[in-house]
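To keep things clear, I will list the structure first and then write my remarks on it.
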Amino acid sequence: MLIRKPDDIPALEITPKADYMNRRKFLAQAAAVGLTAGSALFSPRSAFAGTKLQAVKSPLTTTGEELTSYKDVTTFNNFYEFGTGKEEPAIYAQDLPTRPWTLRVEGKVKKPLTFDIDQLLKLRPLEDRVYRHRCVEAWSMVIPWIGYSLSELIKQCEPLSTAKYVQFLSWYDKRYIHWPGQTGIQWPYSEGLRMDEAMHPLTLLTFGLYGEVLPNQNGAPVRIVVPWKYGFKSAKSIVTMRFIDYMPPTTWNELAPTEYGFYSNVNPNVDHPRWSQKTERRIGQPFYAQRKTTLFLNGYADQVASLYTGMDLKRNF
Ligand SMILES: Nc1nc2c(c(=O)[nH]1)N[C@H]1C(S)=C(S)[C@@H](COP(=O)(O)O)O[C@H]1N2
Ligand SMILES: [Mo]
């Protein structure tokens with residue numbers, strides 16, 4: 001993507017190795033470039049950051065993979081609301097106000113409900129689930145998430161039989177967006193799933209990772225994780241879930257429809273128009289071990305291939 005950034009922030013061109021988790025150092029850097037000067041918007045790092053979450057091991061966890069380090073998981077991110085550089089969300093997402101937070105369920109449901117985040121956290125027992133995470137940009141990670149199946153929440157709302165898709169809308173406040181207008185993205189970030197995909201037990205309503213609440217840059221306080229699809233299907237920091245009878249417009253599909261389809265199932269046999277999807281680079285691995293063969297449906301074919309029987313996955317990419 002061709003994205004120009006303001007050139008008045010050279011001090012923030014920090015190496016991805018820098019320790020952004022050190023709040024005080026960050027504040028000093030921010031102050032040095034005048035980020036906090038006169039800014040009422042700048043809120044201190046969430047009081048919830050680092051809070052432990054109790055979770056039980058899930059039978060749906062992925063085994064046999066080495067976990068990507070906490071540091072890589074939390075400093076190499078895509079979260080365009082907070083910048084387009086991989087290292088930017090870890091800095092700028094500290095502004096994300098994660099409390100109070102509500103998730104509104106609307107549209108074609110018998111019970112349109114608004115859940116407070118703390119209510120959502122207690123709705124079902126939290127599970128530890130390791131998933132492979134494959135970005136459309138051909139890199140991957142292995143992340144120990146915490147959450148419960150999205151289907152558990154959906155059931156509470158009793159969708160009508162006319163609900164065919166569910167749309168997820170992310171938090172959006174233009175006062176906090178970094179370099180708004182420069183990505184061409186229409187905010188809020190929008191994603192969607194077909195109803196059967198949303199109801200699949202692997203689709204995780206996610207509150208944490210590595211035993212604690214989600215760091216802001218990973219989509220605090222609640223996000224979706226769909227492990228057999230490219231990462232962009234997994235909307236972060238969601239505030240609305242809308243049940244609808246049509247395929248919803250989605251951020252990346254609207255931006256570049258020939259490059260990003262609605263389904264976006266991980267598929268090594270369907271290349272992106274500008275690069276191959278046959279292999280991936282596993283973040284954090286030594287150079288000689290980084291290249292991995294990409295697996296059909298990201299290795300989850302046994303569980304989810306039946307959702308797509310009879311569908312031409314080259315056309316429905
Ligand atoms: N709201 C929102 N959600 C988003 C994105 C984003 O830019 N905004 N990026 C997506 C992409 S491209 C990926 S790969 C994953 C990255 O999640 P992670 O940073 O927790 O690894 O989040 C997805 N969800
Ligand atoms: Mo991604």
Next item on the list: In nm, give the distance between the simple-model label positions of Thr114 and Glu212, each being 7 Å from the Cα along the Cα-to-Cβ direction.
Entry: 3.1 nm
Notebook entry, point to check: What order, most packed first, do the peptides 144-155, 299-310 have when packing is the mean number of other Cβ atoms within 10 Å of each residue?
Noted result: 144-155, 299-310
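Would you mind putting 279-285, 167-173, 92-98 in packing order, based on average other-beta-carbon counts within 10 Å, highest first? Walk me through the numbers on the way to the answer.
On the way: 279-285: 17.7, 167-173: 20.1, 92-98: 22.0.
Top to bottom by mean Cβ count within 10 Å: 92-98, 167-173, 279-285.
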Next item on the list: Give the long-range amide H neighbours of Lys108: residues separated by 5 or more places, or on another chain, with amide H under 5 Å away, using H modelled in the peptide plane at 1.01 Å from N.
Entry: Phe243, Ile244
Item checked: Exposure proxy ranking, count of Cβ atoms within 10 Å, fewest first, for Phe296, Phe207, Phe262 -> Phe296, Phe262, Phe207
Checklist line | Placed amide H near Val136: partners under 5 Å, 5+ positions off or other chain | finding: Gly231, Phe232
Notebook entry, point to check: Sorted by mean Cβ packing within 10 Å, highest first, what order do the peptides 125-132, 77-84 take?
Noted result: 77-84, 125-132
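Computed over the Cα atoms of the stretch 6-308, what is the ratio Rg over Rh, Rh following Kirkwood? Please list the in-between numbers first.
On the way: Rg = 18.7 Å, Rh = 19.9 Å.
Result for the stretch 6-308 is an Rg/Rh of 0.94.
How high is the relative contact order of the stretch 92-195? Use alpha-carbon pairs under 8 Å, at least six apart in sequence, and give a whole percent. Intermediate results must be reported in sequence, preceding the final value.
Details: 111 pairs, mean separation 24.7, N = 104.
Over the stretch 92-195, the number comes to 24 percent.
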Notebook entry, point to check: How many nm is it between the label spots at Lys155 and Asp302, if each spot is 7 Å from the Cα in line with the beta carbon?
Noted result: 2.4 nm
Margin query: Quick check: residue separation of Arg124 and Glu106 times 0.36 nm, minus the Cα distance between them. What number comes out in nm?
Written below: 4.4 nm
Item checked: Gain in span if fully extended, Glu259 to Arg291, counting 0.36 nm per residue against the direct Cα distance -> 9.3 nm
Next item on the list: With r as the distance between the Cβ atoms of Tyr70 and Arg315 and R0 = 45 Å, compute the FRET efficiency 1/(1 + (r/R0)^6) and round to 0.05.
Entry: 0.70
Next item on the list: Could you calculate the FRET efficiency of Arg274 with Thr63 from 1/(1 + (r/R0)^6), where r is the beta carbon distance between them and R0 is 25 Å, rounded to 0.05?
Entry: 0.15
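Each reported figure results from applying straightforward, stated rules to the coordinates on display, with no laboratory input. Predicted model only: the values in this text are computed from it and were never measured. Every residue, glycine among them, receives a Cβ derived from its backbone with ideal geometry; neighbour counts consider all protein chains shown.
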